[in-house]
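The structure appears below as structure tokens.
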Amino acid sequence: MSTVKARLAPVTGHRLFWPLVMLVVLLVANTVYRPSFLSVELKNGHLYGSLIDIVRLSAPLILVALGMSLVIATGGIDLSVGSVVAVSGAVACLYISEQPDQNSLGGVFTALALAFGIALLLGAWNGVLVAVIGIQPIIATLILMVAGRGLAQLITSGQIITINSEPYKTIGVGHLLTLPFAIIIALVVTVIVAVLTRRTALGMIIESVGGNAEASRLAGVRSRRITLLVYVVSAACAAIAGFMMTANVSSADGNAAGLWVELDAILAVVIGGTSLAGGRFFLSGTIVGALIIQTLTTSVYAMNIDPQTALLFKAVVVIAVCLIQAPAFRARFRRRKSLAPPPAPTAEKQKEQVPA
């Protein structure tokens, strides 16, 4: 038994083991409830199925969570990503709605560039408040979380802006090479972030700033610039997610777009094994965490769970995942098990112990 445990230790001790186990459990539960859950079909050159829908719907959360991972790695937090989602989507949809031809590629690209630029400014605003002025990240981003939602409402005049633009709609529900276009966008952004942070020194520098900003500064790292950069990247990822969310419904709602996505993003990062204290970050774990959250959301609706208890059910599952993968919790559980009193000897063993 000890030999088997020793062989399995590298696997069970991996940071992705328990998140992947929970993801598999959710998929199995859905398959038991609905046997056709795992089926994927090819219709008109496009892939369809519940698994494809889960990954497609996870794409915006994956993008937001990637940016959040970098921010958390520096020891910060970004509560404004939901508002950035709303602002970017509102600006893009407002500009397209005012065009005489909403299907014009030039008009759509201009709308995307304008909204993306505004998102970068909002990210830079957060970075300046945190890195230059020295405001605590949770307070600095809370300011934009509230003000940004108001700005989105101001842009949309408190109304839902609807558009009829096929090029813009492609971002959310279009297909390319049989896959939903949103999945391809998320994949490209993930590869870019992974290459920049794991194939260059940027990732190590970000982790050094999160581990000890003062020590990294004394070592020659310009920690303020790195902190400013990660908030800009976080806003950029949120902007792309905003395009996906609004394109998915061909409308922009300044009040509802991206609502509470910042909390799901933080959960995805934590489930993936990244500590909120800063330091090391794990992009692969973040992606798995985002898939878990979206699979859980899909499961709640597919199993007809009461919407009033859906959030509670979701919270219980997330807490269970976090506890199971927490090394301190597992160590305490094993210690209690080892300290448990041995079982009482049976009558036969007692007879054997009596001397003849």
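The values are calculated or read from the model by the stated rules, or taken from the named source; none is laboratory data. The model shown is predicted, which means the values in this text are computed figures rather than measured ones. Neighbour counts run over all protein chains shown; Cβ positions are idealised from the backbone, glycine included. To get the accessible areas, we keep the full protein, side chains included, count just its heavy atoms, and leave off ligands, DNA and RNA. Shrake-Rupley method; radii C 1.70, N 1.55, O 1.52, S 1.80 Å.
Values as computed for the structure displayed
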read-out: Breaking point among (1) more than 19 Å from the chain's Cα centre (by Cα); (2) open to solvent by 10 Å² or more (accessible area, probe 1.4 Å); (3) within 23 Å of Asp264 (Cβ to Cβ); (4) polar (S, T, N, Q), for Thr74; value: (1)
read-out: Per-region count, the range 274-293, residues open to solvent by 10 Å² or more (accessible area, probe 1.4 Å), within 25 Å of Pro180 (Cβ to Cβ) and either without any contact (Cβ under 8 Å) to a residue 60 or more places away in the chain or not β-branched (Val, Ile, Thr) (or both); value: 3
read-out: Pairs where the first residue, in the range 220-238, is part of a helix (DSSP H, G or I) and the second is β-branched (Val, Ile, Thr) and open to solvent by 30 Å² or more (accessible area, probe 1.4 Å), C-beta under 8 Å, 6+ apart; value: Arg224/Val132; Ile226/Ile205; Leu228/Val128; Leu228/Val132
read-out: Residue match in the range 21-42 (condition: over 30 Å from Arg224 (Cα atoms), in contact with a His (Cβ under 9 Å, 6 or more places away or on another chain) and outside any helix (DSSP H, G or I)); value: no
read-out: Any chance Met22 is surrounded by 19 or more Cβ atoms within 10 Å (Cβ to Cβ) and modelled with pLDDT under 90; value: yes
read-out: Residue match in the range 51-67 (condition: polar (S, T, N, Q) and open to solvent by 20 Å² or more (accessible area, probe 1.4 Å)); value: no
read-out: Ile138 touching a strand residue (DSSP E or B) at 6+ places or on another chain (Cβ under 6 Å) and either within 22 Å of Val261 (Cα to Cα) or modelled with pLDDT of 95 or more (or both); value: no
read-out: Selection status of Thr178, under 30 Å from Tyr48 (Cα atoms) and in contact with a His (Cβ under 7 Å, 6 or more places away or on another chain); value: yes
read-out: All positions within the range 239-273 that are touching a residue at least 60 places away in the same chain (Cβ under 8 Å), under 13 Å from the mean Cα position of the chain (by Cα) and open to solvent by less than 50 Å² (accessible area, probe 1.4 Å); value: Ala241, Gly258, Val261, Glu262, Asp264, Ala265, Ile266, Ala268, Val269, Ile271, Gly272, Gly273
read-out: Of all residues making up the range 72-100, the number that are of a type in the set (Ser, Thr, Tyr), closer than 14 Å to Trp260 by Cβ and in contact with a Phe, Trp or Tyr (Cβ under 7 Å, 6 or more places away or on another chain); value: 0
read-out: Tabulated pairs, the range 141-164, first within 21 Å of Val249 (Cβ to Cβ), second open to solvent by 20 Å² or more (accessible area, probe 1.4 Å) and in a helix (DSSP H, G or I), C-beta under 7 angstrom, 6+ apart or interchain; value: Gly148/Leu122; Ile155/Leu94; Thr156/Leu94; Ile161/Leu94; Ile161/Ser97; Ile163/Ser97
read-out: Pair list, Cβ under 6 Å, 6 or more apart: the range 173-196 residue within 23 Å of Ser251 (Cβ to Cβ), other residue among the hydroxyl-bearing types (Ser, Thr, Tyr); value: Phe181/Thr170
read-out: Within the range 169-203, tally of residues that are within 12 Å of Ala247 (Cα to Cα) and in a helix (DSSP H, G or I); value: 7
read-out: Residue check, Thr297 among the hydroxyl-bearing types (Ser, Thr, Tyr), in a helix (DSSP H, G or I), in contact with a Lys or Arg (Cβ under 9 Å, 6 or more places away or on another chain) and under 20 Å from Ser58 (Cα atoms); value: yes
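Each row is one residue, and each column tells you yes or no for (1) modelled with pLDDT under 95; (2) of a type in the set (Asp, Glu); (3) farther than 19 Å from Ile240 by Cα.
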site: Ala119; (1), (2), (3): no, no, no
site: Val128; (1), (2), (3): no, no, yes
site: Gly134; (1), (2), (3): yes, no, yes
site: Gly150; (1), (2), (3): yes, no, yes
